[in-house]
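Novice: Just dropping this structure here.
The values are calculated or read from the model by the stated rules, or taken from the named source; none is laboratory data. Predicted model only: the values in this text are computed from it and were never measured. We place every Cβ from the backbone using ideal geometry, glycine too, and count neighbours over all the protein chains shown.
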Amino acid sequence: MATLNLPTSDLAGMNIESFDTTTFLEHASAQARQRHLEKYFIVDVDSHHYENASYRDIVNYVEDPVLRHRAKSSMTRQSGAVSLFPTSYGSQDMSGRVTRYHTRALEKTPEGHPRDLTLAQRWMDAMGVDISMLFPTPMLNLGAHPVPEVENQWARAYNRWLCEQILPHESRVRSMLYLPFNDPEASYKMVQDFAHYPGVSGFMITAGHQQAVHNNAFMKTYASLEERGLPLAFHGIYNWDDKAFQTMNRFISVHALGFVFYNMVHCINWVVNGLPERFPNLKVIWMESGLAWIPFVMQRMDNEYAMRSNEAPALKMKPSDYMRQMYYSSQPMECGNLKALEVTFDMINAKTQLLYASDYPHWDFDLPSTIIDLPFLDDEGKKNVLGETARKLFNIKETGKLAKIPAA
Amino acid sequence: MAEVYVGQVSEFIETDTKIVKSGSLEIGVMHRKGEFFAYRNLCLHQGGPACQGMIIAKVEEVLAPDHTFIAERFSDTEIHFVCPWHGYEYDLATGEFVADRKQKLQKFDVVKKDGNVYVIV
């Protein structure tokens, strides 16, 4: 049996011989039973897999033969080639303290079924999640690649692999596909080429892209999404290379601000440039930035707009009124001050605009109990946040409980 | 009060954890260089298996008398155990949540008898 040795402050380190998601999440299943999650339809709008484990499959879907060769070559260890793909600094695993980042390699899955789906089904059942939106992990940094064509080619390869090899095997798992936002034409073509695949519930922009959302070149992409009734999500990410973060010496600092910062920039640009007026039926979701930033931006922008409305002439309402029409994913929900959280829920109309997200298996994941246990939210509000709002937003047809919560 | 059998002293390696159950109660019994500690295996955060993660020394910051930063180091005296779900760290000696020491895990006494380890519930 393979043994994994995780380094600790002791020379001997920590030995781990096996890992299984269902066992690891036994306490989550106990919560699901105790809180009767079988009575709730739960949609997790933001979960992840590690697509890098499948790079050798995905690379075959790169359309450009020269880039495909470069990508394959960069995966051949003996060549000594520098990776074609961007990597990022950081310590998402807390230097091994969040052990699953390492131990997932030990988990056994059956042959003949996509491993990523087996893992997803295990954690979804353990938590009581019925439907999940699956997003990549290392690819969240792909927008930092200096060559837009590499981003586009890899994004197309991943999206095609996901649509053809993964999503068809499990209707409970869906995705909002990656948009190569450094290339407006490629983003538009991505929507045209992939929107029809089963399981595609929308499209996603990783927020770290240094692109202006109000660039005229993106308008036809937004129009196309609006026409198709497909939501557009902005997914938070950090970028330690960004000049704004270069004085920060600890990952906690970069993560705490980074996952919020870029969504704040994009959201402010989105509102100030009147995009909600131009695309009134386009559903926009702000993901993985928690909730505390929203009241801040609402108050800040309303205050400035009162004095400088001439600089935002497209607006017919206050900035916060537009923001109240947008959607937000819940994770990582700041629960340290319940009074502040309750005010936040009121300010964003959480009962109709907030979407539960786990972010599992990442280190700051939230269980459905984070919503169920809120003392100020009534049962209808809990049902909406956990799944009913997402059901409408993503036009989910399924009814009844799909998750098989493990018995005690 | 009841004694719940955990295992033989000799079964524990230098840094080790065993989980025992008593009814619905799940207890983590941790061994560290001859000393035993037992806490409820339920993280104060989101209910994770608090005792089933890494055991690692506290990270400390070392400052000079003029308040300048010198280095980080592992503590020689304070050991933590880490909930593997989200990284909540607890003081092995007290069960205190180290980011807010007003909160602590329920602690249980451990006794050694005839080469065996028991936790008192």
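This table checks each residue for (1) touching a Leu at 6+ places or on another chain (Cβ under 7 Å); (2) within 9 Å of another protein chain (Cβ to nearest Cβ); (3) farther than 22 Å from B:Val9 by Cα; (4) of a type in the set (D, E, K, R).
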site: B:Gly28; (1), (2), (3), (4): no, no, no, no
site: B:Gly34; (1), (2), (3), (4): no, no, no, no
site: B:Ala64; (1), (2), (3), (4): no, no, yes, no
site: B:Glu72; (1), (2), (3), (4): no, no, yes, yes
site: B:Thr77; (1), (2), (3), (4): no, no, yes, no
site: B:Glu96; (1), (2), (3), (4): no, no, yes, yes
site: B:Gln103; (1), (2), (3), (4): yes, no, yes, no
site: B:Val110; (1), (2), (3), (4): no, no, no, no
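Novice: Here's another thing I want to ask about it. Tell me which residues, restricted to the range A:328-379, are in contact with a Pro (Cβ under 9 Å, 6 or more places away or on another chain) and farther than 30 Å from A:Thr103 by Cβ.
Specialist: A:Leu338, A:Ala340, A:Glu342, A:Val343, A:Thr344, A:Met347, A:Ile348
Novice: Anything in the range B:1-26 that is more than 14 Å from chain A (Cβ to nearest Cβ), of a type in the set (Asp, Glu) and either farther than 14 Å from B:Phe108 by Cα or part of a loop (DSSP other than H, G, I, E, B) (or both)? List them, or say none.
Specialist: B:Glu11, the sole residue that qualifies.
Novice: With the checklist (1) hydroxyl-bearing (Ser, Thr, Tyr); (2) farther than 22 Å from A:Glu288 by Cα; (3) surrounded by 17 or more Cβ atoms within 10 Å (Cβ to Cβ) in hand, flag the one item A:Thr399 doesn't pass.
Specialist: (3)
Novice: Failed condition for A:Ser83, given (1) more than 14 Å from every other protein chain (Cβ to nearest Cβ); (2) over 22 Å from the mean Cα position of the chain (by Cα); (3) over 25 Å from A:Ala155 (Cβ atoms), with all others met?
Specialist: Of the numbered conditions (1) more than 14 Å from every other protein chain (Cβ to nearest Cβ); (2) over 22 Å from the mean Cα position of the chain (by Cα); (3) over 25 Å from A:Ala155 (Cβ atoms), the odd one out for A:Ser83 is (3).
Novice: Another question about this same structure. What do you reckon, is A:Pro313 surrounded by fewer than 17 Cβ atoms within 10 Å (Cβ to Cβ) and more than 14 Å from chain B (Cβ to nearest Cβ)?
Specialist: Yes.
Novice: Look through the range A:91-124, keep the residues that are surrounded by fewer than 19 Cβ atoms within 10 Å (Cβ to Cβ) and among the small types (Gly, Ala, Ser), and return whichever of them is farthest from the other protein chains (Cβ to nearest Cβ).
Specialist: Ranking the candidates gives A:Gly112 first.
Novice: Could you identify the single residue in A:Asp364, A:Asp359 that is part of a loop (DSSP other than H, G, I, E, B), free of Cβ contacts under 8 Å to residues at least 60 places away in the same chain and within 17 Å of the chain's Cα centre (by Cα)?
Specialist: Of A:Asp364, A:Asp359, the one residue that is part of a loop (DSSP other than H, G, I, E, B), free of Cβ contacts under 8 Å to residues at least 60 places away in the same chain and within 17 Å of the chain's Cα centre (by Cα) is A:Asp364.
Novice: Tell me yes or no: at least one residue of the range A:200-213 is aliphatic (A, V, I, L, M), part of a loop (DSSP other than H, G, I, E, B) and modelled with pLDDT under 95.
Specialist: Yes: one or more hits.
Novice: Report every pair of residues separated by at least 6 positions or lying on different chains whose Cβ atoms are under 7 Å apart, first residue within the range A:265-290 and in a loop (DSSP other than H, G, I, E, B), second among the polar types (S, T, N, Q).
Specialist: Listed pairs, sorted by first residue: A:Glu288/A:Ser329; A:Glu288/A:Gln331; A:Ser289/A:Asn263.
Novice: Within the range A:245-258, can you find the residues that are surrounded by 13 or more Cβ atoms within 10 Å (Cβ to Cβ) and either touching a residue at least 60 places away in the same chain (Cβ under 8 Å) or over 23 Å from the mean Cα position of the chain (by Cα) (or both)?
Specialist: Answer for the range A:245-258, where residues must be surrounded by 13 or more Cβ atoms within 10 Å (Cβ to Cβ) and either touching a residue at least 60 places away in the same chain (Cβ under 8 Å) or over 23 Å from the mean Cα position of the chain (by Cα) (or both): A:Met248, A:Phe251, A:Val254, A:His255.
Novice: Hey, can you tell me all the residues within the range A:27-40 that are at the interface with another protein chain (Cβ under 10 Å from one of its Cβ atoms) and farther than 19 Å from A:Ala120 by Cα?
Specialist: Correct list: A:Gln34 only.
Novice: Any chance you could count how many residues in the range A:384-397 are part of a loop (DSSP other than H, G, I, E, B) and either among the aromatic types (Phe, Trp, Tyr) or in contact with a strand residue (DSSP E or B) (Cβ under 7 Å, 6 or more places away or on another chain) (or both)?
Specialist: Adding up the residues that qualify gives 2.
Novice: Sticking with this one: Can A:Ala28 be described as closer than 30 Å to A:Asp378 by Cα and touching a residue at least 24 places away in the same chain (Cβ under 8 Å)?
Specialist: yes
Novice: Restricting attention to the range A:120-142, which residues are part of a helix (DSSP H, G or I), touching a residue at least 60 places away in the same chain (Cβ under 8 Å) and out of contact with any Pro (no Cβ under 8 Å at 6 or more places or on another chain)?
Specialist: Scanning the range A:120-142 gives A:Ala120, A:Arg122, A:Met124, A:Pro138, A:Met139, A:Leu140.
Novice: Name the residues in the range A:93-129 that are under 17 Å from the mean Cα position of the chain (by Cα), more than 24 Å from B:Glu89 (Cβ to Cβ) and not aliphatic (A, V, I, L, M), would you?
Specialist: Within the range A:93-129, A:Asp116 is the sole residue that qualifies.
Novice: Related question: Is at least one residue of the range A:29-36 in contact with a Gly (Cβ under 7 Å, 6 or more places away or on another chain) and surrounded by 20 or more Cβ atoms within 10 Å (Cβ to Cβ)?
Specialist: yes
Novice: Hey, among A:Leu225, A:Leu230, A:Leu257, which residue is of a type outside the set (S, T, N, Q) and not in a helix (DSSP H, G or I)?
Specialist: A:Leu230
Novice: Shifting gears a bit: How many of the residues making up the range A:1-26 are closer than 24 Å to A:Leu119 by Cα, more than 9 Å from every other protein chain (Cβ to nearest Cβ) and either surrounded by 15 or more Cβ atoms within 10 Å (Cβ to Cβ) or not small (Gly, Ala, Ser) (or both)?
Specialist: Going through the range A:1-26 one residue at a time, the tally reaches 11.
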